[in-house]
C-alpha cells in the first residue's frame, strides 16, 4: 500500500471491509442454522453442530489471516519478521486451548467432590438417625426395666 495512490489504497480498504463483512455474515448464518433458528430441529443433530463449528473456525481463521496479511502488511515483510509475529500467536492459541481443557477438567473434578460430599453427608444423616433410634429404643428398654423393678 506504500506505493499506491490514496484512492487505490482506499478502494483496497473498502474491498477488505466488504470481504470481512460478507465472511462474518456467512458465519452468523451458519451459526443460526446450527442453533436451529433457520431450520427447526437442527440443534438436536450432533454432527451438524460439529460441521457448523468447524466451518465457523475455518472462516474465523481466514478472517484473522486476511487482517494480519492485508491490514497489518505482513505480506510485504520478510519471512523472519512475519514468523516472529505469527509463532507467538500460535502459542497463544495453544495456551487458550490448554486453559480450556484444564478448566474443564477442574470443573469435572469439582463435580465429583460435590457428589462425594453429598453422599457422605447423606450417609452421616442416615447413620446419626439410626443411632438416635437405637439410643431411644435402649432408653425405652432401660426405662421399662426400671419401671418393672419399682
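Only the coordinates and a few stated rules stand behind these numbers; no lab work does. Source: prediction; values computed, not measured. No Cβ is skipped: glycine too gets one built from the backbone with ideal geometry, and neighbour counts run over all protein chains shown.
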*Tell me, 100, 33, 71 in order of fewest to most beta-carbon neighbours within 10 Å?*
100, 71, 33
*asked:* Using Cβ contacts closer than 10 Å as the measure, can you line up 3, 76 from fewest to most?
replied: 3, 76
*Take the Cβ-Cβ distance between residue 75 and residue 26 as r, set R0 to 25 Å, and report the resulting FRET efficiency rounded to the nearest 0.05.*
0.60
*segment 58-115-segment 20-44 distance, computed between alpha-carbon centres (Å)*: 23
*On each of the three principal axes of the Cα atoms of segment 71-117, give max minus min coordinate, whole Å, ordered largest first.*
60, 18, 7
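Among 47, 106, which comes first, then next, by fewest other beta-carbon atoms within 10 Å?
Ranking 47, 106 by Cβ neighbours within 10 Å, fewest first, gives 47, 106.
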